[in-house]
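Colleague: One structure, pasted below without further comment.
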Amino acid sequence: MPKLRLGTRLFLSHLVVMLVGLGSFIVIAKLSFPRQVTLHLTTLEKRGYIILTSSRTYLLKGFENVWDRSAVWSIISGVSAAGGLSYWFSQRIMKPLNQMKDITQEFAAGHLEERMLSSDIPELNQLSHSFNYMATSLEGVEIRRRELISDLTHELRTPLTVVRGYLEELADGTLAPSTELYFKLVGETRRLERLTYDLQELSRAEAGHLLIKPQAVNLYPILNSLVEKFSEQLLDEGPTLTLEYPPDTPLVLADADRTEQILINLLGNAVRYTEDGIIKLKVWRELQEVWIAVIDTGIGIASGDLPHIFERFWRADKSRSSHFGGTGIGLAIVKRLIELQEGRIEVESNLGKGSIFRFCLPVV
């Protein structure tokens, strides 16, 4: 048996409700009408009016006939009016639902710009707003997917082109093999390896598949070790790296390895984009959170670019990644790792003056 559509069900439900109400009224009136008329005629007799028994029967029959005809016309008029109103209401309710069906089909065809119109029915209007919000989110996801493919293609093309060019020149004999050349090839392959690893980490982090083992962690050994490690990489004429760590800093609830990974990424960016000046690791407590800030006096970030820095493959200058060696994925991984540890990250920056990346972790 075929299933009825929602519009048909609404129409029939309204019609059935009207018929049940009208039928109940007619049945009750039909049963009580003769008794009420008889009582009324008896009352008239008691008040002195002359009403014969034969006349009473005649009047009663006449009233019943008039009532029957009126009931028939009432049913016809009621059904017609109720049917018309039910059809109008069902179509009014079904219009936004049919529109939603058409828009979802447009979505399936790849047209994500369609949106639903507002409705004067509060529930359907709320549904329209929720649907449009979902549509906007899907459109944003599709845009980011296309940008991701484009940026990933660009990131892969550069090292592959360099490696192919060197290999072709070696094969043609136009370029003599040398240790320097081999190191260049190794550098490009490491760049590909780093990009692949970052993509894998980001995918696992966004899917929630990264293993996080929160425990009581003393941040000082981690921070001190990183300061020593990165200080060895800085040149004499480069920036100085310092640590500001209050001795009364409490333990935090975090994954030590993931926290170190976050700091390595943030410090690596600070070192990469700071030619001189200072890089400071600063720690302080606010209520039930410990904040860690990486402060540098590097090239900074324009205010218009700040909302996008945690997006995958973002870079303010399209040549920035190629010049400094970044993949544009590190900050997206950092943000997700912090969120998985119940923390949050903030950033302040001024172009040409430096940046402050700070994140918090909960106190044990």
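Just so it is clear, none of the values below were taken in a lab; they were calculated from the coordinates. Fair warning: this is a prediction, and the values are worked out from it, not measured in the lab. A quick note on method: Cβ atoms are made from the backbone with ideal geometry, for glycine too, and the neighbour counts reach across all protein chains shown.
Colleague: Mind giving me the FRET efficiency for Asn132 and Ser303? R0 is 41 Å, r the Cβ-Cβ distance, nearest 0.05 is fine. Display every interim value, and only then the final one.
Modeller: Numbers: r = 29 Å, r/R0 = 0.72.
Result of the calculation: an efficiency of 0.90.
Colleague: Cα gyration tensor of region 143-285, axes a ≥ b ≥ c as square roots of the eigenvalues: rounded (a/c below 1.5), prolate (a/b > b/c) or oblate?
Modeller: On the way: a/c = 2.79, a/b = 1.62, b/c = 1.73.
Because a/c hits 1.5 or more and a/b fails to exceed b/c, region 143-285 counts as oblate.
Colleague: Taking a ≥ b ≥ c as the square roots of the Cα gyration tensor eigenvalues, with a/c under 1.5 meaning rounded and otherwise prolate when a/b beats b/c, else oblate, which class fits region 140-206?
Modeller: Values: a/c = 5.62, a/b = 2.25, b/c = 2.50.
Here region 140-206 falls in the oblate category.
Colleague: Still on this structure: Taking the alpha-carbon centroid of each part, what is the distance from region 326-364 to region 228-267 in angstrom?
Modeller: Comparing the Cα centres of region 326-364 and region 228-267, I get a distance of 14 Å.
Colleague: I want to check the label-to-label distance for Glu275 and Phe310. Put each point 7 Å from Cα in the C-beta direction and report it in nm to one decimal.
Modeller: 3.1
Colleague: How much length, in nm to one decimal, is gained on full extension between Val141 and Glu193, taken as 0.36 nm per residue of separation minus their Cα-Cα distance? Mind dumping the intermediate values first?
Modeller: Numbers: separation 52, 0.36 × 52 = 18.72 nm, distance 2.63 nm.
Taking 0.36 nm per residue and subtracting the Cα distance, the gain is 16.1 nm.
Colleague: If packing is taken as the average number of other Cβ atoms within 10 Å across a peptide's residues, how do 343-353, 175-185 rank, most packed first?
Modeller: Values: 343-353: 15.0, 175-185: 10.7.
Packing proxy ranking, top to bottom: 343-353, 175-185.
Colleague: Classify region 206-261 as rounded, prolate or oblate from the Cα gyration tensor: take a ≥ b ≥ c as the square roots of its eigenvalues, call it rounded if a/c is under 1.5, otherwise prolate when a/b beats b/c and oblate if not.
Modeller: Judged from the Cα gyration tensor, region 206-261 comes out oblate (a/c at least 1.5, b/c at or above a/b).
Colleague: Between Ser13 and Glu339, what's the calculated FRET efficiency when r is the beta-carbon distance and R0 is 41 Å? Round to 0.05. Numbers along the way, then the final one.
Modeller: Working: r = 48 Å, r/R0 = 1.16.
Given R0 = 41 Å and the Cβ-Cβ separation, E is 0.30.
Colleague: Note down the nm distance, to one decimal, between modelled labels 7 Å out along Cα→Cβ at Ala108 and at Asn218.
Modeller: According to this spin-label approximation, the distance is 6.2 nm.
Colleague: Suppose R0 equals 51 Å. What FRET efficiency, 1/(1 + (r/R0)^6) with r the Cβ-Cβ distance, do Lys229 and Arg92 give to the nearest 0.05? Walk me through the numbers before you get to the answer.
Modeller: On the way: r = 69 Å, r/R0 = 1.35.
Here the calculated transfer efficiency is 0.15.
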